[in-house]
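Peer 1: Okay, here's the structure, questions in a sec.
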């Protein structure tokens, strides 16, 4: 697992799970799911500042802004259009940092809904919001895609990841836990 995008063309990995799709013509793959996003804040933040009743009210709250690669996500663009004058209290360049900033009470921000809902200290304020859905793809270089080892993992991921990404549900193995 890497924060940076590994180069499948240089065999840095056989398979990649990436948001947004393939940016290289030598990659082949499948869309696994549209990852739902929602607006979250910490329970302590909501207790102290209240909660927006609509996206239009978000501008009166402190927000966590996305930077670097995150700034191009649909969720980042949506926040800028719905809360352009909100006070920015933190800037983060990766989802775990956004999560920690929200959890510490810095403000509200979008997060992947399933991921953030697993944290009992966070409150879902708005959503999931369909416009924030982010496509997740399973990719491989076209030269290795049909190798048996790659094919086996590829098919397993296509079958098993959608319920995990969209609902947080893991299937139980038919043959028991291994």
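The values are calculated or read from the model by the stated rules, or taken from the named source; none is laboratory data. In this text, all values refer to a predicted model and were calculated from it rather than measured experimentally. Methodologically, a virtual Cβ is constructed for each residue, glycine included, from the backbone with ideal geometry; neighbour enumeration extends over all protein chains shown.
Peer 1: Select from segment 115-127 the residues that are at pLDDT below 95, surrounded by 14 or more Cβ atoms within 10 Å (Cβ to Cβ) and either out of contact with any helix residue (DSSP H, G or I) (no Cβ under 8 Å at 6 or more places or on another chain) or in a loop (DSSP other than H, G, I, E, B) (or both) and list them in ascending order.
Peer 2: Matches in segment 115-127: 117, 127.
Peer 1: So the check is Cβ under 7 Å with 6+ separation or different chains; which pairs have a first residue in segment 118-132 that's farther than 10 Å from residue 35 by Cα and a second one that's part of a loop (DSSP other than H, G, I, E, B)?
Peer 2: As it stands, the answer is 118/168; 125/51; 125/52; 126/52, since those pairs meet every condition given.
Peer 1: Return the residue satisfying two criteria in turn: it lies in segment 40-62 and is assigned to a helix (DSSP H, G or I) and touching a helix residue (DSSP H, G or I) at 6+ places or on another chain (Cβ under 8 Å), and of such residues it is surrounded by the fewest Cβ atoms within 10 Å (Cβ to Cβ).
Peer 2: Of the residues in segment 40-62, the ones assigned to a helix (DSSP H, G or I) are 43-49, 55-60.
Filter again for touching a helix residue (DSSP H, G or I) at 6+ places or on another chain (Cβ under 8 Å), leaving 45, 55-56, 58-59.
Numbers: 45: 24, 55: 17, 56: 10, 58: 24, 59: 14.
Only one residue tops the list, namely 56.
Peer 1: Suppose the filter is touching a helix residue (DSSP H, G or I) at 6+ places or on another chain (Cβ under 9 Å), within 30 Å of residue 155 (Cα to Cα) and modelled with pLDDT of 95 or more; does residue 37 pass it?
Peer 2: Taking the combined requirement at face value, the residue satisfies it.
Peer 1: With the structure loaded, tell me whether residue 70 is more than 24 Å from residue 32 (Cα to Cα) and either modelled with pLDDT of 95 or more or touching a strand residue (DSSP E or B) at 6+ places or on another chain (Cβ under 8 Å) (or both) or whether it fails that test. Spell out how you get there, then give the answer.
Peer 2: Working: more than 24 Å from residue 32 (Cα to Cα): no; either modelled with pLDDT of 95 or more or touching a strand residue (DSSP E or B) at 6+ places or on another chain (Cβ under 8 Å) (or both): yes.
Considered against the rule, which asks whether it is more than 24 Å from residue 32 (Cα to Cα) and either modelled with pLDDT of 95 or more or touching a strand residue (DSSP E or B) at 6+ places or on another chain (Cβ under 8 Å) (or both), residue 70 comes out as no.
Peer 1: Same structure again: Could you list all residues from segment 63-105 that are touching a residue at least 60 places away in the same chain (Cβ under 8 Å) and either part of a helix (DSSP H, G or I) or more than 15 Å from the chain's Cα centre (by Cα) (or both)?
Peer 2: Across segment 63-105, the qualifying residues are 74, 102, 103, 104, 105.
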